[in-house]
Every structure is written in C-alpha cells, then in structure tokens.
Amino acid sequence: MIEQFIKSVAAAAATAEKIPSNADSLNEALVRAAGDGGLIFFAAAGDVAPELFNSFRRSERVITEPTVEQMKTLKVGVTDAFCGIASTGSVCVTIGRSLSGPAGSLTRKHIAVVDGSTIVPRPRDVFSEEFLDGKGLRRSFSFITGPSATADMGPLVRGVHGPGKLHVIVLE
Amino acid sequence: MSDSQAEIHPREVANKASKESLQKAIGMALRVESDALRLNTQSFNTNRYSAVGKIGDYEELKDRARKIKEESIRDLSQLIDRLTRSIEARGGKVFLARTKDDATSYIRNVCLSANAKLVVKAKSITSEEIGLNHVLAEAGIDVAETDLAEFILQVSGEQPSHIVAPAIHRSRERISKLFKEHFNTDKPLDTGEQLTEFARDILREKFLAADVGITGANLIAAEEGTILLVESEGNIRLTTQLPAVHIAVAGIEKVIPGKKDFGTFIELLAASGTGQPLTSYTNILEPPLELPVLNLNGREDKAREFHLVLLDNGRMKMREDNDLREALYCIRCSACMNVCANFQTVGGHAFGGECYTGGIGAAWTIGTSGNLADGRFAELCTGCSRCVPNCPVRIDIPRLNSVIKNRLMKSEGGASLEKRFFAGFSTLAKFASFAPGLSNWINDLPATRSLLEKFAGVDERRPLPRIAGKTLTRKYTDYRKKIKPPVTLPDSTLKIVLFPDVFMNYQNPDVGMATVRVFEKLGLPVYLAEVMEDGRSAQSQGLLESARRSATKAAAYLAELVDDGAEIIVAEPSVLSMFRSDYEKLVGDGELFVKLKTHTYDPIEWLDKHCNEDSDFLKKLSDRVSGARARIFYHAHCQMKAIGAGNAVPELFRKLGLTVDTSTVECCGMAGSFGYKKEYYEISKNIGRDLAQQVEKSTAGQGGVRVLASGTSCREQLRDELGRRIGHPIEFLAEIMGK
C-alpha cells in the first residue's frame, strides 16, 4: 500500500520518500526537504508520535510558536498527517488546536509526515469506522492532494494561495 | 474580433427572458469566447472520462449518490432541524433564509456587528444568486473574491460562464489584456505564472487584512454539522482559517444525512468536475474551528464565530414540483456542461442565465428567480443526452429542459409556427413524398427558402433534407414481390421486425433496405412494421402532450409485436433512444417500457450482440465479408452513446477485421431540427466544423477511408461539411457482404 501511495503522490505532482521511523532519520529528512536557510514553521496535531519529532524540534531553524509577523512570512511549513490515501496520494492534515492548518496553507512549501501504517486504500475509507478507528469521522481536516494549483489564468499553474510544493515523508 | 470594439458585455445579456438577449448572447459568445471555451471544456471532458474510468465502482457510486440525494430532499425538514442542533451545540449559528433579501441582510448584519471593513470570499454560486457582493458594497464593506476566476470576473464585471470554472470563457491572452488595461503596473502579465503571481500577491494582502471570510458549501452533513468544501487554489483554506468570523452560505438542498455520506460523493465530485482523483484540497470542516484565532489582521478577536446561512429562495417550491425537483439533486460538478457540444461552443454566457449555466442551469434559474422566461436558454439543450450517463446523480437534464420549453411555450400562447413546423416533420414529409421530385424542386426555390426562413425559422443556408423518390414502405413492397423472405428454421421463435421511423421512411429508405438485405443474407427474414409517429420531433420542440400521444400509441403497437416474439430493429438512433429511454417517463407504464427497452436494437448493435453470443453466426458474417479491407471513420450518434450502444459499430467492424477510427465529438451539432433553425445555425456549423476537422485529421494521407455515421442528422451535418454523401454503417455492411 505504501508503494501505491508513493506512486499516487507523484501522479499528483508532489514528491514523496520513505524513511525509517526514528527521530534522527526524520530530522535529517525534514531538514533536507526544507532546503537551504530560512526558518521552518512546524506544527503537529499529535497524529504522528510526537517523540519522533524530538531531534527536529531542537533545530534552531524550527519555529513552533511563530509571531504574527513570522506567520505572514515563513516559507516552509512542516506538519504531521493522520493518514494517507493510497489511490490518490492525499495526506489528511488535521485542523485542530495546533497550527497545522496554517503551517500547511500559508507557506510556499509544505512537508507532511505520515505514518505508513495509517495509509488507507481510498478517500471514502477515511469516513468509515472500520479504518483508523473512525478518527476521520471526528475532526476538521483537509485531504491535501498535491500542491495548490489553478487553470483559471489559462495554462495549469502550481502554487496559488497555498503551497506550490508538497513533499510527503512516509515513516516505515 | 477584440472585445473592446463595441462588443456586447455579457452582463447586458445575462438575463435571457427575451429572445433578443438570447440571440445577442449567442452572437457575442461565438465571436469572442468560443475558442477558449472549446479548448477548456474539452480538456475537462477528456480528463473526466479518464478519471471516472479509474473509479472501479463508478456506476454503483452514482446509484448511491442518487439515492442519498433523493432521500435527503424527501427528508429535508428533519435534516435541517438535525443540522441546526449539531451546529448550535458547537457554538455556531444557523439562519434559515426564506428569500435572498433575508440572506443578504443577515450576512450584512453579521459583518457590521463584527465591524468588518474587508471580507474575503471563496467561490460561491449561491452568493451570486443572492447578489451578496452588491449588498455588502452598499454597506461600505469591501469584498475580495479570492478564487482566481472570480477575481478575474470582479475585474471584468462579467457573470460566471461556468459553475466550476467561472472564467472559463477567457483565454490567457484575454486575461492579460484585461489586467493590463485595469491595473496600473510594471509587472509582467504575459504568462499563466505571471498572472497567477500577480493576483496571488494582491489577494495575499487581502487575506492578511480580512475581518470576515465567506464561503459556500459543496455538501453539509446534518448529523455532525460538517461542511465539505472542495477547491484547488487554497483560498478556501485561508478564508476559513485566517479571519475569526466565518460565514457559509448554501442552498438547503446541500444538506445530506451524515459525514459517512461524504465518502460517496468526494471521489465522484472531483472526477466528474475537473477530472481529478481529488482536487488539491478537500476540506472537511466543523466550524467554529478549534484553531486559535490568529489575528494576522492586527485585531484582537477573542473567539471564532461561525454562521451557516441556509437559503430557500424557491427551493422548497422546486421540491414540490414533480419535474423541477430533479434539479435539487445536482451536486454542481459541471460534467453536463463539459460534455455538451453546444456548451463547448457558446458557454454559459449564452447557454446560461445570471448565475446558473448549462443544461442544468435553466431549471435552477427559473426555480430561484421564479420567472419562467429567464430559463429561455433551455432552448440550447438539443436533447442529445450526452449529459445523462455522465451525471453523477443521474439527473435527466434533457427532460428538465423539455419541460421548461413546454411550460414556456404554453405561457407564451402555444406553439410557434416554427415549433409546429419542426414537430410536424412526419406530416410534411408524408405530403412531400407524394411527389418527391416536385417537393424537392419547390423546396430548393429561393422564394420557398426565403418564406421558410421568415415563417418557420429554417435557415436559408442549410440544405433541406431530400425526400426520397420512393418511401421505404414502397421499396420494401416491391422487393418482397421479387424476393421471398428466407425460410425461418421451424424451431426458431426469432422474428426480426424493422421499425420504419419517419426519417428512414421518407428520407433514407436505402438504410432500411440495406438492413433488410444484411439480415436476410444471414438467413433472418425481416418484416416491416407500420410507419408511425414516435414522438421524437414533438418532444424536441417541447410539445410534450403531442409527444405523449404518439408515444402511447407507438408503445402499445410495439409491445404487441414484442409479445409475438419480435426483436425490433430501429436504424435511427434518436428514435431508438425514445424507445430505450424517453418512453419511461413519456408512457409512464413501467412494464410496457421494460418490454420496449429490452427488445429494441440498432441493427449493428443487434448483429454485434449475436456475434458475441453465437460463434457460428460470427463466422457466417465474417465469411460473407472476407476480403473487405476498408478503413473506417465512425461518428457515433449522441443518443446512441447515451443509451450505451455507441461502441457497437467499432466493436463489430473490428471483429470483422476492419480498422475503425472514432470521433470524440460528443454530438454533431445538427441534433435533429436544431441545426436548421436560423437562431442556432451558426452554433451548429461551428460544432460541425469541429467534427469535420477530426475526420480530416484522421483521414489525412489515408486513401479510401469510409466515413460512416448512424444518425440521419449526423450524416446531413457531415455531408454539408465534407461535401459528399455519408453512409449508415448498415449500408456499408450490405455493400461489403456482396451479392
């Protein structure tokens, strides 16, 4: 299912990688995906085990409580996701008490971390009690499928009001 | 022609209550918008076919979606109560607005009490319906449309031309031109990227300063009070997360029982709309959100606020109306527009009203405005039915439009001469066939053509159908005098009956005779049924009572034949689709309809079916055509595709070892009488050229390609474009089967 998910992420014009599920590997992958310089807006809803972000959270580039000014200008956002969808390559990001909503929508690049064991076959499965213990039925969230895009100006353009780049890190 | 040269502004002709405004809108759309429309809608259309093809249980999902919508509309009052309780329990507010004024005053008051100066707004057709921006502007509140298409329209002052992509009528070049004229800027505005970046920067400032966010809703789950909002740009995410106050405005028909039902709709909606597995963002929101107030605008709002404005504005009346109720099942995906050849050509500025567009648009326009004449653009629905199998909630859109045409006609004092002329084709053809040579000669006289144009609306430029020298009935009788039917095997109960529809009988008897010859060469005797009206011509003019009378008579007659063991062959697809689809509602007798539906066939479809069931039959046919090595270009009739018989010709001919290319044009644009009418001639020709270009592309450099089409009007359209006679596939088969 992870392989199908990664293929679908690519088909949705995003990128994905699979890494071992530990704090150091995740830190390394996140810093690499975030690219050079600049602060990183990090907000997690607790959907991926919080201790996995321990190394990353200590990095001086990482901002977890941005000021209003920082929120307006941060270019890279990192969030967790409570599940992935194999058929579409979507990640489901919670919009709850944490700032994971804004971190994934105000920035130019969004990096989402998803636990490989939470990948479900189809979008509709998120609304079923059988999958994820019915988690999808009890929260506000967005299915995020590739970068923000528009064809309103004629040709297809990626990166509109939301991030123009989406990278997904799958924890195995 | 450039749109700055005194061209009509789409707003001037947005309301189609008068025939003149419909005519002007068509002219404007053909001159200014057609190229961008065709490119963009056809791209949505192609993507849709590919996306729905990937949904393994597409048909089952459609059945479920239809059922959920039917039940939701039935139980609407209880669902609204349930929804109100769920949202109020979370601290949100629900306002049931009976009229558009109720809705706009409520929203204005919420904005004023929030001391709002600036509202960011996501795309919402419902907000267009209530004229919200105007009301807010009058109250001194700035509204920023944040969907890029709506942003373009806010600059151009145009109404939406499509319910999903409201600026689909504008090419990149026309957007560049508009922005350069409107904005005083040095920034480059010559590519999609530049235009997007430019608009994004302006709107980002608006998002950061906004006091209130307004959205629509794709669906609302009553049980949990959850709203579904589908988008690609990310503007809905910012509209719902940044300002502390969120107002959602939606029609009451958007309410469905529970969040579990979203599972049925989200894949259907994305695939049917933009042709994607899912759009970039499918937002599932239970506002007021738990997300802390961000106050990026410098305000000190303490808590999030949520208002759901549920709009009636005529919907409850539509619910009571046995015909218009269907429209309430619509989930606004736009598949019916993208698949429609007329819509691809003129878009929603002509085939649409002030906010609702396309085939489904007329029902919505009259339902919400309360004015029947506003739905006049229903005339642009030719009944081709390509939308029917592509609608995710199985709405019979052509029927809705027939009903509207019928009501409109009655309200305007009965059928016009033009409508009666086209509806009465069979009677005219019958008279003409007494002296076909004379009739054709008279028809061709300039004086006749000019009179026909003046009084019956038949465009002078369109060649009239030729009345055949002998009707099929006479040809068949002559043939039978010479050739006895083949002997049926004693134990066979199979009886092939050819239905001589009026088109075949008076115009194309050769198609009928080819059918007789092909079947009889295969040892199957063919009997000829009586010539009778089937109701197609009347129905397409909106003369439903007349259509119903013909249908009732024909159905009873055909059912008797079926009871006697007959398989009925119908060579004209528009008539076949009456028996297989339209009669369900016209005749209203379920049992009778099923009898016709399961025993009527296109001739090639019947042969293909028997080749699949009986390998000896296939061998017999293959042996008869061995040696034929033709290459074929085939255009399937729109209604034949709609009833699921569109692939029969390529499938049979490929079985017989022939090479077949097919057109992807949804409908030839002639659509029975449509292409003859003066008002619609240009649209029809425009579509005909699209089809002819495909034929030319496919046949270029391939000598001896045979162009075939099943429909009478498709053949006329193609003959007109290509300048040569086009055959029916059964004629071609008769030809290659030899003596």
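The values are calculated or read from the model by the stated rules, or taken from the named source; none is laboratory data. Keep in mind the model is a prediction, meaning the values are calculated, not measured. Note: ideal-geometry Cβ built from the backbone for every residue, glycine included; neighbour counts use all protein chains shown.
Here are a few things to note about the model shown:
- Among all positions in region B:579-600, there is no residue which is under 27 Å from B:S698 (Cβ atoms), assigned by TED's automatic domain parsing to the domain that holds B:Y506 and among the aliphatic types (A, V, I, L, M).
- Being over 27 Å from B:T46 (Cβ atoms) and either facing chain A (nearest Cβ under 8 Å) or modelled with pLDDT under 95 (or both) holds for only one residue in B:K259, B:K254, B:K206, and it is B:K259.
Here is a yes/no grid of residues against (1) in contact (Cβ under 8 Å) with a residue 40 or more places away in the chain; (2) touching a His at 6+ places or on another chain (Cβ under 7 Å); (3) outside any loop (DSSP other than H, G, I, E, B):
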site	(1), (2), (3)
B:E605	yes, no, yes
B:D608	yes, no, yes
B:N612	no, no, yes
B:D616	no, no, yes
B:L621	yes, no, yes
B:R624	yes, no, yes
B:G627	no, no, no
B:K641	yes, no, yes
B:A645	yes, no, no
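- Against the list (1) at pLDDT below 95; (2) more than 7 Å from chain B (Cβ to nearest Cβ), the condition A:P155 fails is (2).
- Restricting the first member to region B:182-194 and to residues that are away from chain A (no Cβ under 14 Å), and the second to residues that are not in a loop (DSSP other than H, G, I, E, B), the beta-carbon pairs closer than 7 Å and six or more apart or on different chains are B:H182/B:V155.
- Residue list for region B:197-225, filter: touching a Phe, Trp or Tyr at 6+ places or on another chain (Cβ under 9 Å) and either surrounded by fewer than 24 Cβ atoms within 10 Å (Cβ to Cβ) or not assigned by TED's automatic domain parsing to the domain that holds B:A271 (or both): B:F198, B:I202, B:L203, B:N218
- Tally, over region A:12-48, of residues that are surrounded by fewer than 15 Cβ atoms within 10 Å (Cβ to Cβ) and either free of Cβ contacts under 8 Å to residues at least 40 places away in the same chain or of a type in the set (A, V, I, L, M) (or both): 7
- From the options B:L289, B:L278, residue that is crowded, with 24+ Cβ neighbours inside 10 Å, within 14 Å of chain A (Cβ to nearest Cβ) and either closer than 19 Å to B:S43 by Cα or out of contact with any strand residue (DSSP E or B) (no Cβ under 6 Å at 6 or more places or on another chain) (or both): B:L278
- Test result for A:V68, surrounded by fewer than 23 Cβ atoms within 10 Å (Cβ to Cβ), among the aliphatic types (A, V, I, L, M) and within 10 Å of another protein chain (Cβ to nearest Cβ): yes
- So B:L153, is it buried (at least 20 other Cβ atoms within 10 Å of the Cβ), closer than 30 Å to B:V346 by Cβ and out of contact with any Gly (no Cβ under 9 Å at 6 or more places or on another chain): yes
- Breaking point among (1) surrounded by fewer than 18 Cβ atoms within 10 Å (Cβ to Cβ); (2) over 21 Å from B:C330 (Cβ atoms); (3) over 26 Å from the mean Cα position of the chain (by Cα), for B:L96: (2)
- Residue in region B:605-620 that is in contact with a strand residue (DSSP E or B) (Cβ under 8 Å, 6 or more places away or on another chain), in the same structural domain as B:A529 (by TED's automatic domain parsing) and within 16 Å of B:A514 (Cβ to Cβ) present: yes
- Scanning region A:119-137 for residues that are among the hydrophobic types (A, V, I, L, M, F, W, C) and within 10 Å of chain B (Cβ to nearest Cβ) turns up A:V126, A:F127, A:L137.
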